[in-house]
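Report on one structure; see the data block that follows.
The values are calculated or read from the model by the stated rules, or taken from the named source; none is laboratory data. Owing to the predicted nature of the structure, the values given are computational and were not obtained by experimental measurement. As a convention, Cβ positions derive from the backbone with ideal geometry for all residues, glycine included, and neighbour counts pool all protein chains shown. What goes into the accessible areas is simple: the full protein's heavy atoms, side chains included, and nothing from ligands, DNA or RNA. Shrake-Rupley method; radii C 1.70, N 1.55, O 1.52, S 1.80 Å.
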Amino acid sequence: MKIIKSWWWSVKITVSVLKSNLDKRETIELVEKTDAEYIHVDVMDGQFVPHFSLSEFEVNNLFKGCKKPLDIHLMVEDIKKYIDAFKDLNVHSFIFHVETGQNIIKLIEYVKSLNIKVGLALNPETMTDSVLPYLNMVDTILIMGVVPGLGGQKLIPETVDKGYVLKQLKKKFNYRYDIGIDGGVNLETRPLLNDFDYLISGSYICMSNNYQDKIDSLR
Ligand code: DX5
Ligand code: ZN
């Protein structure tokens, strides 16, 4: 039965707890009870995006002890500072933005030296060309389906094509990254998302009263 399940539901689900109708702690507890593979933690510094999310202290406090591995999405300018602040949590990957103008290669190597997976995120207007130099180094590429900053936005349909482009490049050059999409993932947009290895979904799951049902509907 297990084998059939993992074959059939091959897409991985990551739950963003940014927007929920419960408080964060309750939301995290409910996500922990589901079969989602990862928890997605959105971190915003008010600089890279005009919004703030949780402080470093709050992130550490809320996610300390989480059983599910965390994908930490850094929508920040000073990437290294936040990697250092969160590296002792149960981190599966650190994902930061290629648009930041930081030394991307140095940061990729730094995360790898911590034995943590590393990924690059692309804003909706950023073309796939911008990540070409790093594709052989990263574990994951995250396509933003919405402008970063807020949960509950509508998917920008044009962003989805980048999943197809990256999938072709992966095949052609034998790269090993996973391709994910973040923002606007719900039952309505799901049929557009078959090129992705994992889906990040926030409000569709966390604004509902049955997280597992929503996850099942996406698989
Ligand atoms: C947007 C965040 C997303 C967001 C996804 O800046 O990076 O992770 O929380 O939320 P939904 O699924 O509601 O679009
Ligand atoms: Zn995110």
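For the stretch 5-90, a Kirkwood hydrodynamic radius built from all Cα pairs, placed in the Stokes-Einstein relation at 4 °C and 1.567 mPa s, yields a translational diffusion coefficient of 94 µm²/s. Computed over the chain, the convex hull of the alpha-carbon atoms projects to a mean area of 11.5 nm². Rg ratio for the stretch 80-138: its Cα radius of gyration over 2.2 N^0.38 Å, N being its residue count, equals 1.11.
Note on ASP213 and GLU125: the model spin-label points, each 7 Å out from Cα along the C-beta direction, lie 4.0 nm apart. To put it simply, the accessible area of the stretch 124-212 at a 1.4 Å probe is 54 percent carbon and sulfur. The largest-to-smallest principal axis extents of the Cα set in the stretch 62-107 are 33, 16, 15 Å. Dividing the convex hull volume of the alpha-carbon atoms in the stretch 121-219 by its residue count gives 94 Å³ per residue. Solvent-accessible area per residue in the chain equals 49 Å², computed with a 1.4 angstrom probe and all protein chains kept.
Taking R0 as 22 Å, what FRET efficiency do you get between LYS87 and LYS12 from their Cβ-Cβ distance, rounded to the nearest 0.05? Once the sixth-power term is evaluated, E becomes 0.45. Taken along the Cα-to-beta-carbon direction at a fixed 7 Å, the label points for ARG176 and ILE156 span 3.2 nm. Roughly speaking, what % of Cα-Cα pairs in the stretch 86-175 are separated by over 21 Å, rounded to a whole number? I get 35 percent for the Cα pairs in the stretch 86-175 exceeding 21 Å.
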